[in-house]
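Step one of this worksheet: look at the structure below.
The values are calculated or read from the model by the stated rules, or taken from the named source; none is laboratory data. Here the structure is a predicted model, which is why all the values come from computation and not from measurement. With ideal geometry, Cβ positions are generated from the backbone for all residues, glycine too; neighbour counts draw on all protein chains shown. SASA here: full protein model, heavy atoms, side chains in, ligands and nucleic acids out. Shrake-Rupley method; radii C 1.70, N 1.55, O 1.52, S 1.80 Å.
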Amino acid sequence: MSSPNEPLDLTLDGGALTARLVDFPSVSGEETALADAVEAALRAFPHLTVDRHGNNVVARTHFGRDERVVLAGHLDTVPIADNVPSHVEGDLLYGCGTSDMKSGVAVQLRLAATLTEANRDVTYVFYDCEEVEATRNGLGHLFATHPDWLAGDFAVLMEPSGAVVEGGCQGSLRADVTLTGVRAHAARGWLGDNAVHKAAEVLRRLAEYQPRRVEIDGLEYREGLNATRIDGGVAGNVIPDECTVHVAFRFAPDRTLEQAEEHLREVFEGYRLDIADASPAALPGLGLPAARAFLAAVGGEPRAKFGWTDVARFSAHGVPAVNYGPGDPNLAHKREEHCSLSAIAEVEQRLRDWLSR
Ligand SMILES: [Zn+2]
């Protein structure tokens, strides 16, 4: 294990550089040392201009091309779970952040260092605090403070996607359906009005709800509307006067946030509904010229992204974006997190082809 204070050596291959980054702990909120190292490493290259805001580092080429693409990745990880330093077993590199997403960051750094000529201008974005509450998200801060640094025709977010292009992302709405009644002693129930019983109709609507499957740009998105929790009841001898059904609506990117909310209000018509949390979906935009060229270069069958990722932030600013990274999404945040070394090399090579041909 090399000391975190040694400079980053961007001539290492993608796997070795990933290991180096994993051995450089950067749990959310503690990215300063890694951001310093990334900034210092990138400043060594005359073909890049480097800007920094907080622990967010943005490096840009100025080749004078017609098109500019953005490669973005977060520097932070979830808390370490006895899985640092990294170690290799066969083709697998184990350790916190191997999949999510220091392997993607290593590919970004390799490309930034070596693509001294490219067929497109490239913006490399390294940001902090992705794994914590949205208000701390470094990409969000950059869009708020320096949107010009993030301008581009197309963006690739190098989150773990198993080296498969994952288009767009579903939106998420959490809402509370509140039922009210009249509190009374259970011995004289006729004097009350039971709010918990009223949840039956809300649950019936949820149970009978037929979620849509929507095809957008050739990708199938599957929506879902589910109760996630119920709160209600006062005591064993009291007719309850309030009950809340918490629902989660994951929706396809052909609905705006407003349309998704409107749909929920239709489903629960006649009931009080309060939105608890809302994140917009992102359209895959795979039909756009920049995205088509990307797909043609990296190959493979794209699929829909079901979780919510920062592609939605690019999409909200008019930059179509996809997820494409070497990590395995099913291993993210796990103690046994690992990444295939060959996938790291493959993703780097495919992006290099896309940017070189
Ligand atoms: Zn991630």
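Scanning region 153-177 for residues that are under 11 Å from the mean Cα position of the chain (by Cα) and not in a strand (DSSP E or B) yields M158, E159, P160, S161, G168, Q170. For region 228-278, the tally of residues that are under 27 Å from A186 (Cα atoms) and either open to solvent by less than 70 Å² (accessible area, probe 1.4 Å) or of a type in the set (A, V, I, L, M) (or both) stands at 15.
Within region 312-345, the residues that satisfy the criterion of being charged (D, E, K, R) and either part of a loop (DSSP other than H, G, I, E, B) or more than 15 Å from the ligand (Cβ to nearest atom) (or both) are D328, K334, R335, E336, E337. Taking region 49-100 as the range and being outside any strand (DSSP E or B), more than 24 Å from the chain's Cα centre (by Cα) and surrounded by fewer than 20 Cβ atoms within 10 Å (Cβ to Cβ) as the test, the residues that pass are H62, F63, G64, R65, D66, E67, D82, P85, G90, D91.
Restricting the first member to region 130-142 and to residues that are under 13 Å from S279 (Cβ atoms) and more than 12 Å from the ligand (Cβ to nearest atom), and the second to residues that are assigned to a helix (DSSP H, G or I) and open to solvent by less than 50 Å² (accessible area, probe 1.4 Å), the beta-carbon pairs closer than 8 Å and six or more apart or on different chains are A134/G140; G140/R313. For region 195-223, the candidate set comprises residues that are open to solvent by less than 30 Å² (accessible area, probe 1.4 Å) and of a type outside the set (S, T, Y); within that set, the residue that is farthest from G318 (Cα to Cα) is A195. With the requirement that a residue be assigned to a loop (DSSP other than H, G, I, E, B) and away from the ligand (no atom under 16 Å from the Cβ), what does region 113-129 give you? If the condition is that a residue be assigned to a loop (DSSP other than H, G, I, E, B) and away from the ligand (no atom under 16 Å from the Cβ), then L115, T116, E117, A118, N119, R120 are the ones that fit.
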